[in-house]
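K.L.:
Here's a structure for you.
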Amino acid sequence: MTGIIDIVHAEYNYWIYTALMMIGFYAMIAKKNLIKKIIGANIFQTAIFLFYISLADITGGTAPIIWEGHEDVIYTNPVPHCLILTAIVVSVSTTAVALALIIRIYREYGSIEEDVILAARKSLQPEFSEYARQKGGEE
């Protein structure tokens, strides 16, 4: 029993990523509220970020700065950190665009629940483009 606990404790970060990914995936699939779907996507993205950052870590590694007289030093790879920094910026931008779209959807349909929006779209399907143009002219 102690062996299993040691294995789980040694690889706890993988359990955390898996839990975060499943929480985010569940929120994106099962929830009908568009805001909750965006939050789920952000949780999923955070799990991926943590996973890549932890893969870049090397036990006993140091920052990749070369000093004279230290030829046998183990360095960590800085590339995954740079990639994740870029991914975080893209994630924040994507979230901002998604929230702006949700605001527009709310103004159009009066709800951010997926079922209500789909029902409204179904009832307006044949003349939706004309309806949207008329609605835009009234405001």
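K.L.:
Given a Förster distance of 25 Å, report the FRET efficiency between Thr76 and Ile7 from their Cβ-Cβ distance, rounded to the nearest 0.05. Kindly include the intermediate steps, with their values, before the conclusion.
P.N.:
Numbers: r = 25 Å, r/R0 = 0.98.
After rounding to 0.05, the efficiency reads 0.55.
K.L.:
Enumerate the amide H contacts of Asn33 below 5 Å, restricted to partners 5 or more residues apart or on another chain; note that Pro and chain-start residues carry no placed amide H.
P.N.:
Under 5 Å from the amide H of Asn33: Glu114.
K.L.:
Note down the nm distance, to one decimal, between modelled labels 7 Å out along Cα→Cβ at Ile29 and at Thr86.
P.N.:
Taking the two extended label points, one gets 3.1 nm.
K.L.:
Counting only C-alpha contacts under 8 Å and six or more residues apart, can you give the relative contact order of the chain as a whole percent?
P.N.:
20 percent
K.L.:
Just to verify a number: FRET efficiency for Ala63 and Asp115, C-beta to C-beta distance, R0 = 35 Å, to 0.05?
P.N.:
Step by step, r from the Cβ atoms, then E = 0.10.
K.L.:
Right, another one. Looking only at Ser123, Ser91, Ser111, which one moves most when the chain is put into a Gaussian network model with springs between Cα atoms under 10 Å?
P.N.:
Evaluated over the chain, the most mobile residue of the options is Ser123.
K.L.:
Then there's this: Assuming R0 = 30 Å, can you tell me the calculated FRET efficiency for the pair Leu101 and Ile16, based on Cβ-Cβ distance, to the nearest 0.05? Display every interim value, and only then the final one.
P.N.:
Values: r = 31 Å, r/R0 = 1.02.
About 0.45, to the nearest 0.05.
K.L.:
Which option, (1) 50, 20, 18; (2) 26, 22, 14; (3) 47, 21, 8, is the value of semi-axes √(5λ) of the Cα gyration tensor in Å that was calculated from these coordinates?
P.N.:
(3)
K.L.:
Additional query: Does anyone have the angle between helix 34-56 and the longest principal axis of the chain? Alpha-carbon axes, 0 to 90°, nearest 10?
P.N.:
Result, in degrees: 20.
K.L.:
Calculate one ³J(HN,Hα) per residue across the range 86-96 by plugging θ = phi - 60° into the Karplus curve 6.51 cos²θ - 1.76 cosθ + 1.60, and present them in order as whole Hz with x for glycine and proline.
P.N.:
With coefficients 6.51, -1.76 and 1.60, one gets 5, 5, 5, 4, 5, 5, 5, 5, 5, 4, 5 Hz.
Only the coordinates and a few stated rules stand behind these numbers; no lab work does. As the structure is a prediction and not an experimental result, all values here were calculated from the model. With ideal geometry, Cβ positions are generated from the backbone for all residues, glycine too; neighbour counts draw on all protein chains shown.
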